[in-house]
Protein chains: 2
Amino acid sequence: MKEASGNATAIEFWYEFASPYAYVAASRIEGLAAGKPIRIDWRPFLLGPIFKARPHDSSPYQNPSPAQRRYRWRDVQRLCHGAGLPLRTPSAYPRNGLIAARVALIAIDEGWGPDFTRAAYRANFAEDREIGDEAVIGAVIAELGRDAGPVLAHAQSPANKARLFAQVEAAVARGVFGAPSMLVGGELFWGNDRLEQAIAWALAPPHLPPLPQAGRLA
Amino acid sequence: MKEASGNATAIEFWYEFASPYAYVAASRIEGLAAGKPIRIDWRPFLLGPIFKARPHDSSPYQNPSPAQRRYRWRDVQRLCHGAGLPLRTPSAYPRNGLIAARVALIAIDEGWGPDFTRAAYRANFAEDREIGDEAVIGAVIAELGRDAGPVLAHAQSPANKARLFAQVEAAVARGVFGAPSMLVGGELFWGNDRLEQAIAWALAPPHLPPLPQAGRLA
């Protein structure tokens with residue numbers, strides 16, 4: 001875990017390319033942090049392995065009720081409308097974010113991580129492109145003016161695959177169970193809806209004691 | 001469904017006494033609506049029968065991962081802190097909201113529904129009292145200066161039990177799958193986090209087309 005540089009407080013931004021709420025959050029976070037002593041630490045990961053480890057595989061993402069499924073996309077539509085983001089409800093959901101996450105790790109190292117992240121989200125949620133295909137991710141890289149071949153070769157290397165696996169383990173170790181998630185110090189915030197709260201916490205954490213009686217909770 | 005009176009727009013507020021997020025929303029909604037041409041239509045209901053009908057009984061409320069369970073109460077603590085609401089994390093969760101919901105129907109008829117609703121939520125989430133017990137609900141009624149006996153007798157009558165059952169059916173018919181939920185016309189909003197959005201929608205609905213391609217979504 002990197003430390004905040006200078007006086008900036010780090011917000012770890014954990015995101016999964018399959019998540020429409022992470023699309024909204026990834027598109028909003030830099031605007032919300034602009035001009036504030038905050039450094040965003042982009043953390044692509046995968047939710048699939050975390051959901052598989054849940055009791056009864058009871059993910060609200062994987063097993064929503066039909067009513068909740070209908071609601072979710074309307075909710076995303078309203079959020080995109082409010083944030084001025086394009087949305088074309090995808091013809092496949094959830095799409096596999098594996099290759100995009102591997103590329104994102106490389107792009108972050110090289111300084112174009114946020115640009116790639118937003119471009120891959122747009123491909124998925126505004127352009128209805130199959131981001132699970134390496135060829136589509138290659139095209140997204142090329143549209144950013146980069147040579148896709150070497151990037152994909154690096155992204156698909158055993159070392160980088162292991163690195164993404166370790167990133168998922170790190171998410172689990174932090175208690176991350178959904179996306180997007182923000183971590184400020186040890187404080188976890190889940191969802192695009194908590195972005196503002198996470199930023200406020202980074203600027204001035206409130207005096208809030210640890211949760212009492214948590215051990216007694218069902 | 002009642003119509004808005006005068007020029008006020010109705011917001012149906014659907015709530016379940018087991019839900020800590022509904023506690024927060026029930027405590028905030030009147031303050032947010034104050035001074036605006038909005039009428040709040042209080043709609044107690046039960047989530048249990050709705051969750052039971054879900055595929056795989058995969059409710060995120062009933063089957064959260066341990067990490068999500070820990071997170072939820074911290075999240076509720078932060079929200080209560082921000083809203084100035086007392087919280088004592090309950091020693092039992094979720095508590096059965098059946099009797100409280102039956103009483104709420106009577107109280108709404110008689111004009112003390114919001115007061116009873118907030119008092120029952122406080123009993124559950126600020127005072128750690130077992131609201132599933134009729135005696136506890138009787139005490140809550142008495143603390144509001146009312147004679148609990150006749151209210152409870154009325155609440156537990158076959159006609160009122162049937163009425164709550166019909167209320168749950170009405171929730172399902174509207175696509176409600178969680179609590180709190182707000183309905184403005186046909187527009188559904190889920191969660192304490194959507195309270196502000198629901199109120200903004202009631203005052204001036206945006207020009208937002210129906211969700212495209214929804215039939216194609218997984």
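Computed 3J(HN,Hα) for the stretch B:81-91, one whole-Hz value per residue from the Karplus formula 6.51 cos²θ - 1.76 cosθ + 1.60 where θ = phi - 60°, is 4, x, 8, x, 9, x, 9, 10, 4, x, 7, glycine and proline marked x. Where only DSSP H runs of four or more residues are counted, chain B gives -15000 deg cm²/dmol as its mean residue ellipticity at 222 nm, each run worth -39500 (n - 2.57). Ranked from shortest, the separations from the 7 Å Cα-to-Cβ label point of B:Gly145 to its equivalents in the other copies are 7.1 nm. Net charge of the neighbourhood of A:Asp75, taken over other residues with C-beta under 12 Å away and scored Lys/Arg +1, Asp/Glu -1, is +3. Starting from a label point 7 Å past Cα on the Cβ side, list the distances from B:Asp133 to the same position in the other copies, nm, shortest first. Inter-copy label distances (nm, one decimal, shortest first): 6.3.
Counting only DSSP beta bridges whose two residues both lie in the stretch B:9-204, roughly 50 percent are antiparallel. Electrostatic tally near B:Leu195: other residues with Cβ closer than 14 Å to its Cβ, Lys and Arg +1, Asp and Glu -1, net -3.
Mean projected area of the convex hull spanned by the Cα atoms of chain A, taken over all viewing directions: 13.4 nm². Note on the protein assembly as shown: the C-alpha convex hull projects to 22.0 nm² when averaged across all orientations.
When chain B is treated as a GNM with alpha-carbon contacts under 10 Å, the residue of B:Pro206, B:Pro49, B:Pro64 showing the greatest mean-square fluctuation is B:Pro206.
Comparing mean-square fluctuations of A:Ser91, A:Ser181, A:Ser27 from a GNM of chain A with C-alpha springs under 10 Å, the top value falls on A:Ser91.
Checking the Cα-Cα distances for A:Lys36/A:Lys161; B:Lys52/B:Lys161; A:Lys36/B:Lys36 against a 26 Å cut-off, the pairs over it are A:Lys36/A:Lys161; A:Lys36/B:Lys36.
For the protein assembly as shown, the antiparallel share of DSSP beta bridges with both residues in that region comes to about 50%. Between A:Glu143 and A:Asn96, the contour length at 0.36 nm per residue exceeds the Cα-Cα span by 14.9 nm.
Where a number appears in this text, it was derived from the coordinates with a stated rule and is not lab data. Keep in mind it's a predicted model, so treat the numbers as computed, not measured. With ideal geometry, Cβ positions are generated from the backbone for all residues, glycine too; neighbour counts draw on all protein chains shown.
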